[in-house]
Protein chains: 2
Amino acid sequence: MLNSKAFKALAHPVRRDILKRLRDGQLSAGEIADAYDMSKPSLSTHFAVLKSARLIQAERKGNHIYYRLNVTVADEVLSGLMDMFGIEKEK
Amino acid sequence: MLNSKAFKALAHPVRRDILKRLRDGQLSAGEIADAYDMSKPSLSTHFAVLKSARLIQAERKGNHIYYRLNVTVADEVLSGLMDMFGIEKEK
DNA sequence: GAACTAATTAGAGAATATGTTAAACAGCAA
DNA sequence: TTGCTGTTTAACATATTCTCTAATTAGTTC
């Protein structure tokens, strides 16, 4: 399929929550991690899944790594879903 | 979460393909199953996952069970994704 | 009732996903 | 160098997912 990884990435509630947090702008890995009662390696794994699906992009700034939503891929997922459901995009 | 089951259901390529087939109207379980090189029980399990997520609805007609897309839930998933991604619905 | 068709459920096994701790590693800054 | 931020790897435990065969249920037809 076109973007199987993205749909798999969206299957986990924590990963969906991370994406929601990134909706309004970038956040550092630590800022995100603080919001979850989960070990850092586990969070890092979730970041890696999202990154592998290209749903997020990483950029290092000094000591921190900032993540931001990849809107292009988000749009692709939405378009794919609308096509799947036969829903027309009203422009 | 609001619709965790739907996102999990969408994580499997066969289930996404089934939804696509139902885009243009209902199909019987057998008609769908014929399209896949997979045992009927396995397909039935996929139907059950989609049904549990309310993405499809079943109706028995005689010996056959017809499945159709639940457009309402499909719309909910799309809206949820657009909200998640901060993408506005252009009306 | 018996035979037949369509589809699901049950149970088992394999594979994948998720999470942990502990340790090592990478990159940057003071 | 030392410390901070974050990722990666390893070893491990547990849970879920996926697929199969075999058995069962539901409905039709004779």
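The values are calculated or read from the model by the stated rules, or taken from the named source; none is laboratory data. In this text, all values refer to a predicted model and were calculated from it rather than measured experimentally. Cβ: placed from backbone, ideal geometry, glycine included. Neighbour counts: every protein chain shown. What goes into the accessible areas is simple: the full protein's heavy atoms, side chains included, and nothing from ligands, DNA or RNA. Shrake-Rupley method; radii C 1.70, N 1.55, O 1.52, S 1.80 Å.
So which residues in region B:16-37 are among the charged types (D, E, K, R) and open to solvent by less than 30 Å² (accessible area, probe 1.4 Å), if there are any at all?
Matches in region B:16-37: B:16 only.
Given the structure, is residue B:45 among the hydroxyl-bearing types (Ser, Thr, Tyr), within 12 Å of chain A (Cβ to nearest Cβ) and without any contact (Cβ under 8 Å) to a residue 60 or more places away in the chain? Against the criterion (among the hydroxyl-bearing types (Ser, Thr, Tyr), within 12 Å of chain A (Cβ to nearest Cβ) and without any contact (Cβ under 8 Å) to a residue 60 or more places away in the chain), residue B:45 does not qualify. Can you say whether residue A:56 is near DNA strand D (Cβ under 10 Å from one of its atoms) and either within 13 Å of another protein chain (Cβ to nearest Cβ) or modelled with pLDDT under 95 (or both), as far as the supplied structure shows? Here the answer is yes, as residue A:56 does meet what is asked.
Which residue is nearest to DNA strand D (Cβ to nearest atom), if the candidates are limited to region B:18-36 and must be under 11 Å from the mean Cα position of the chain (by Cα) and at the interface with chain A (Cβ under 8 Å from one of its Cβ atoms)?
B:19
A count restricted to region B:64-91 and to residues that are open to solvent by 20 Å² or more (accessible area, probe 1.4 Å), farther than 20 Å from residue A:19 by Cβ and more than 9 Å from chain A (Cβ to nearest Cβ) stands at 5. The sole residue among A:8, A:40, A:51, A:61 that is without any contact (Cβ under 8 Å) to a residue 40 or more places away in the chain, surrounded by 14 or more Cβ atoms within 10 Å (Cβ to Cβ) and within 13 Å of DNA strand D (Cβ to nearest atom) is A:51.
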